[in-house]
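Participant: Got a structure for you, written out below as structure tokens; questions coming shortly.
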Amino acid sequence: MPDDLQTLRQWLRGRVAEKEFHEFLAGFLLELCRIDTIPTANIADTAGREGELLALIERTIVRYGLSGRLERKPIDERIAAHPFYTFPHYAGRADVYTGRSNLVYLRDAPASRDAGPSGIGVNAHIDTVAPYFTSQREGQRVLGRGACDDKGSCAVMVASLRLLEELEQRFGVSPASDLTFMFVIDEEMGGNGSLALAMDEQLGDRYGTMVVLECCDGQVHPGGRGAVWYRVEIPTFPDGAEGYLRSYNPVLLALEIIRSMDREGTAIRAESDHPLFSRAAVQTSPGILGSFGEHPARICASVRFILAADGAEGKVKQLDVLLQKGLQEYIRRYGDKTVVSNRCSAGGATGIPAGLERHYDLKSTSSGEIELRVYGLSGHMGALFENDNALIKAAYLLEPLFTVRTGGRGWTIRFPDEWGHSSLLLEGGQGFVPTHSMEQIKSRLGGAVQRAYRRYTRSTWRRTPFFRDTAPRVSFSKLHNEAYQCDPDSPAVADAQLAAEDAGIEVRRPAVGWEVSSDARIFAHLRPELTVFTTGPGSLALAHSDQEQITIDELSASTLMLTLFLLHYGGLSVSVP
């Protein structure tokens with residue numbers, strides 16, 4: 001038995017630095033990432049893939065981890081009546097949880113332990129966003145969908161249980177508090193997996209502190225920004241529509257809406273003065289427009305338009321001058337991501353995606369039109385200012401061309417492919433901090449859409465009143481997460497920061513809120529007496545991106561940090577020989 005916790009710290013530091021432990025972490029994460037856990041409308045297939053991943057976690061814990069109980073927890077149908085419930089939009093129906101479950105690991109505190117802090121819960125999610133891409137290892141990095149968001153955190157939880165088992169076998173010590181580890185589904189679409197566990201009162205009696213693991217660069221965040229996903233349906237009409245509809249263009253209306261929502265987001269950001277959050281936590285990010293983009297919370301990396309005018313091929317230079325004027329307004333707001341001197345390639349020291357080669361291309365087509373392709377940098381909407389949203393850029397890029405006064409200077413705009421749907425869909429997310437409620441945010445975004453419509457109708461029909469059959473419809477039926485905050489000076493947060501420093505992580509003080517929405521807010525709002533914080537390995541700038549990855553050093557440091565926190569804050573139990 002060691003004389004003090006310092007002996008355990010020294011042994012743990014050496015253990016997580018060993019090649020065998022690094023190989024375990026990398027190999028296990030590769031296995032996790034090779035199982036596609038993006039939920040789809042095929043519920044039986046989704047359940048099968050989730051079950052395969054949970055079975056892998058179970059086998060690994062049984063083989064390596066500290067002894068405890070493993071339970072599959074079905075999703076309670078009562079969650080559908082809770083305000084935090086999110087309709088499973090990926091399937092389009094409510095009965096999607098048959099045969100699906102969360103996985104919970106339970107380790108009871110020793111009966112002989114001294115009175116101390118109540119138990120500790122640890123939570124990470126197994127689902128990921130589209131598109132899926134296969135995992136691989138490149139030296140000290142693991143690349144793959146979910147590598148940092150959030151299967152890397154799942155690997156950390158299992159690896160921590162392995163360290164705790166080795167400590168018990170080697171030194172006869174173990175955590176003195178109840179441990180409740182949660183591997184949950186459906187975080188990315190709104191948190192229904194965590195909601196089901198947070199509503200479980202019997203399970204809730206086990207923990208007084210909840211640690212939600214996400215890609216936080218190892219920092220400790222006692223708060224999180226809120227997020228709401230919006231959906232704007234912009235009516236479309238077939239070619240040859242009669243009367244006033246001939247001048248109606250849903251693409252131009254969509255661009256006006258994007259600009260209006262972006263400007264409203266700027267106003268919300270200016271009002272967001274909160275001690276735990278910077279104003280950069282307030283993001284307004286369109287993720288999907290028509291066939292471009294893949295997820296409301298994933299920054300759109302590319303969008304294309306066809307521009308036409310009489311003699312278009314001879315007007316390319318004139319067009320480029322106008323686009324450059326719009327580009328400067330975008331750069332004024334979001335910076336120039338083609339400047340790469342302070343950025344690095346994917347996988348470099350900072351984990352920030354590489355800069356753009358160029359902002360856009362103009363290319364003549366075989367039909368004598370001009371194709372405009374706008375480039376961005378994809379990633380999580382929470383990293384909007386580190387990345388580059390092609391939809392926002394396109395909206396500002398094209399604004400000087402299609403002004404109210406000139407109406408396009410003879411140019412027209414459309415998408416490259418024929419649009420055969422009854423509406424053009426614009427979807428995205430709005431991040432916010434506790435200075436605003438979710439209902440206030442919804443109202444502000446809805447108002448921005450209506451103002452955009454009024455501006456567009458004035459530019460299109462001049463003195464003719466606008467028409468209700470072209471009015472866009474706004475809804476918020478998908479993710480809707482409130483912001484939350486906890487006490488940054490709580491003992492649990494202080495111990496977590498000390499554990500991070502002991503693990504070699506450079507901790508930024510004072511503690512601030514995480515500028516991303518996560519399941520942490522569910523536990524914080526349902527159980528206000530809890531201390532809730534997020535921490536974990538990986539870079540947010542790489543989450544949801546085509547370069548999603550994590551380093552083995554990040555994984556091992558986070559594993560050490562979590563293990564030290566469980567032992568120090570939760571207390572030590574010493575086995576009697």
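The values are calculated or read from the model by the stated rules, or taken from the named source; none is laboratory data. Since we're looking at a predicted model, the values are computed, not measured. Neighbour counts are summed over all protein chains in view; Cβ atoms, including those assigned to glycine, are modelled from backbone coordinates with ideal geometry.
Participant: For residues that are of a type in the set (Lys, Arg) and surrounded by fewer than 24 Cβ atoms within 10 Å (Cβ to Cβ), scanning just segment 291-315, find the one that is farthest from ALA254 (Cα to Cα). Break it down stepwise before answering.
Facilitator: The first filter runs over segment 291-315 and keeps only residues of a type in the set (Lys, Arg), leaving 298, 304, 315.
Next cut, surrounded by fewer than 24 Cβ atoms within 10 Å (Cβ to Cβ) only: 304, 315.
Working: ARG304: 14, LYS315: 25 Å.
Checked segment 291-315; the qualifying residue farthest from ALA254 (Cα to Cα) is LYS315.
Participant: Another question, if that's okay. When THR435 is evaluated against the numbered criteria (1) over 22 Å from GLY290 (Cα atoms); (2) crowded, with 19+ Cβ neighbours inside 10 Å; (3) at pLDDT 95 or above, which criterion, by number, is the only one it fails?
Facilitator: So the condition that THR435 fails would be (2).
Participant: Quick check on segment 529-555: of everything there that is surrounded by 24 or more Cβ atoms within 10 Å (Cβ to Cβ) and touching a Phe, Trp or Tyr at 6+ places or on another chain (Cβ under 7 Å), which residue is farthest from VAL156 (Cα to Cα)?
Facilitator: By that ranking, first place goes to VAL532.
Participant: Of the conditions (1) among the β-branched types (Val, Ile, Thr); (2) assigned to a loop (DSSP other than H, G, I, E, B); (3) over 30 Å from GLU482 (Cβ atoms), VAL62 satisfies every one except a single condition; which number is it?
Facilitator: With respect to (1) among the β-branched types (Val, Ile, Thr); (2) assigned to a loop (DSSP other than H, G, I, E, B); (3) over 30 Å from GLU482 (Cβ atoms), VAL62 is out only on (2).
Participant: How do the strands (runs of 3 or more DSSP E) wholly within segment 100-216 filter down when requiring 3 or more residues that are surrounded by fewer than 24 Cβ atoms within 10 Å (Cβ to Cβ) and in the same structural domain as ASP36 (by TED's automatic domain parsing): which remain?
Facilitator: Details: elements: 101-107, 120-125, 136-138, 141-143, 173-175, 179-184, 209-213.
The qualifying strands (runs of 3 or more DSSP E) are 101-107, 136-138.
Participant: Given (1) more than 22 Å from the chain's Cα centre (by Cα); (2) without any contact (Cβ under 8 Å) to a residue 40 or more places away in the chain, where does ILE35 come up short, assuming only one miss?
Facilitator: Status for ILE35: all satisfied but (1).
Participant: Pull up segment 16-56, narrow it to residues that are out of contact with any Lys or Arg (no Cβ under 8 Å at 6 or more places or on another chain) and crowded, with 20+ Cβ neighbours inside 10 Å, then point me to the one that is nearest to ASP95 (Cα to Cα).
Facilitator: The qualifying residue nearest to ASP95 (Cα to Cα) is PRO39.
Participant: Next question. Whether any residue in segment 167-186 is of a type in the set (D, E, K, R), touching a residue at least 60 places away in the same chain (Cβ under 8 Å) and either within 24 Å of TYR484 (Cα to Cα) or in contact with a His (Cβ under 7 Å, 6 or more places away or on another chain) (or both) is what I want to check.
Facilitator: Looking for residues that are of a type in the set (D, E, K, R), touching a residue at least 60 places away in the same chain (Cβ under 8 Å) and either within 24 Å of TYR484 (Cα to Cα) or in contact with a His (Cβ under 7 Å, 6 or more places away or on another chain) (or both), one finds at least one in segment 167-186, hence yes.
Residue-by-condition table, conditions (1) touching a strand residue (DSSP E or B) at 6+ places or on another chain (Cβ under 9 Å); (2) assigned by TED's automatic domain parsing to the domain that holds HIS125:
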site: CYS486; (1), (2): yes, no
site: VAL507; (1), (2): no, yes
site: SER539; (1), (2): yes, yes
site: LEU555; (1), (2): yes, yes
site: THR559; (1), (2): no, yes
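Participant: Out of (1) assigned by TED's automatic domain parsing to the domain that holds ILE79; (2) surrounded by 19 or more Cβ atoms within 10 Å (Cβ to Cβ); (3) at pLDDT 95 or above, what's the single condition that is false for VAL493?
Facilitator: Answer for VAL493: the failing condition is (1).
Participant: Being of a type outside the set (Asp, Glu) and either out of contact with any strand residue (DSSP E or B) (no Cβ under 9 Å at 6 or more places or on another chain) or crowded, with 16+ Cβ neighbours inside 10 Å (or both) is the requirement here; does ARG72 meet it?
Facilitator: no
Participant: Among residues belonging to segment 204-245 that are over 30 Å from ALA159 (Cβ atoms) and hydrophobic (A, V, I, L, M, F, W, C), point out the one that is modelled with the highest pLDDT.
Facilitator: Pass one, segment 204-245, residues over 30 Å from ALA159 (Cβ atoms): 226, 228-245.
Keeping just the survivors that are hydrophobic (A, V, I, L, M, F, W, C) gives 228-229, 232, 234, 237, 241, 245.
Working: VAL228: 95, TRP229: 95, VAL232: 98, ILE234: 94, PHE237: 72, ALA241: 50, LEU245: 57.
Ranking the candidates gives VAL232 first.
Participant: Would you confirm whether or not segment 537-545 contains a residue that is under 22 Å from ALA383 (Cα atoms), touching a helix residue (DSSP H, G or I) at 6+ places or on another chain (Cβ under 6 Å) and in a helix (DSSP H, G or I)?
Facilitator: First, pick out the residues of segment 537-545 that are under 22 Å from ALA383 (Cα atoms): 537-545.
Now drop any that are not touching a helix residue (DSSP H, G or I) at 6+ places or on another chain (Cβ under 6 Å), which leaves 537-538, 540-541.
Now restrict to residues that are in a helix (DSSP H, G or I): 540-541.
Yes: one or more hits.
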